[in-house]
Structure formats: structure tokens, C-alpha cells
Amino acid sequence: MDYEFFHALLTQRRQTLADSMMEKKELMEQWYNSRLSDDSDVVAAALYETKVANIVELQKAEIDDIDYALTKIKNKTYGICEMCDDEIDIERLKFKPHAKYCIDCREHVEKTQILEQKLKTSKNNKE
């Protein structure tokens, strides 16, 4: 496993996300400091703020995953599926370097999540 390559890839992605989050924070501060002239400006600002907050939340989650992957590199456990302990395919790691699961296990996790969501929705509809 080429730990240096993946360390660089993860570090670069982390910096890109951190820069993006900072830009969004600065943009939101500009919105707050500007004088909104009418109700439509206030509504547009609120909608934009919600959208930006959702994006930042996703970026923060990805940074957390990247930090976890960097820790795994340090511990020499990077690239091992957390479900089956098999090696994660190199091409998958190149595409998603903070992947925790091999393709087979990821598909299993996704199917389980979909099933759980359907059961939850079905249960909520019955209530």
C-alpha cells in the first residue's frame, strides 16, 4: 500500500474542503453585514443560509472521515474494510480515499439503510 500517495491525496482534499468552508463562512458574514432592503432579500438570504449550512455540514462530515482515514494511515490499518477485514480495492480508494468499506460491504450497508428507512417510513405511516 502506498501510504504516502493516499496521505497526500487525503490531505489535499481536506485542505480543499477547509478552504471551501472558510469561503462560505466569509460569504455568510458578508450577507449578515449587508443591509437587506426588503422582505424578498430576507427570504433569499434565509434560503441561502440554509443551503450553505447543509453543504458545510456535509463538508465537515467528510473532513471527519478524512481525519479518520489519516489516523488509519498512521496506524497502518488504512485500506482495510471495517466489515470484512479484506483489503479495499485500490481503484476504490483512488476514487474515495476515505472509504471505510470495500464495494461489497458498502452495497450491503446501503441496502440495509434503505430497508431500515422503508421500515421506518412504513411504521410512521401506520401511526
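Contact map, segment 96-125: residues that are among the aromatic types (Phe, Trp, Tyr) paired with residues that are surrounded by 12 or more Cβ atoms within 10 Å (Cβ to Cβ), Cβ distance under 7 Å, separation 6+ or inter-chain. Pairs shown: TYR101/CYS81; TYR101/GLU82; TYR101/MET83; TYR101/VAL109. Among the residues making up segment 45-61, a single one is crowded, with 16+ Cβ neighbours inside 10 Å and either more than 13 Å from the chain's Cα centre (by Cα) or of a type in the set (D, E, K, R) (or both): VAL52. Within segment 1-43, track down each residue that is under 22 Å from the mean Cα position of the chain (by Cα) and over 30 Å from ILE90 (Cα atoms). Matches in segment 1-43: MET22, GLU23, LYS24, LYS25, GLU26, LEU27, MET28.
Counting only residues that are of a type in the set (Val, Ile, Thr) and surrounded by 14 or more Cβ atoms within 10 Å (Cβ to Cβ), segment 80-108 holds 2 of them. Among the residues making up segment 1-54, a single one is in contact (Cβ under 8 Å) with a residue 60 or more places away in the chain and of a type in the set (D, E, K, R): ARG13.
Taken together, the values in this text are just the output of simple stated rules run on the coordinates, not laboratory data. These numbers come from a predicted model, not from an experiment. FYI the Cβ positions are ideal-geometry reconstructions off the backbone, even for glycines, and counts take in every protein chain you see.
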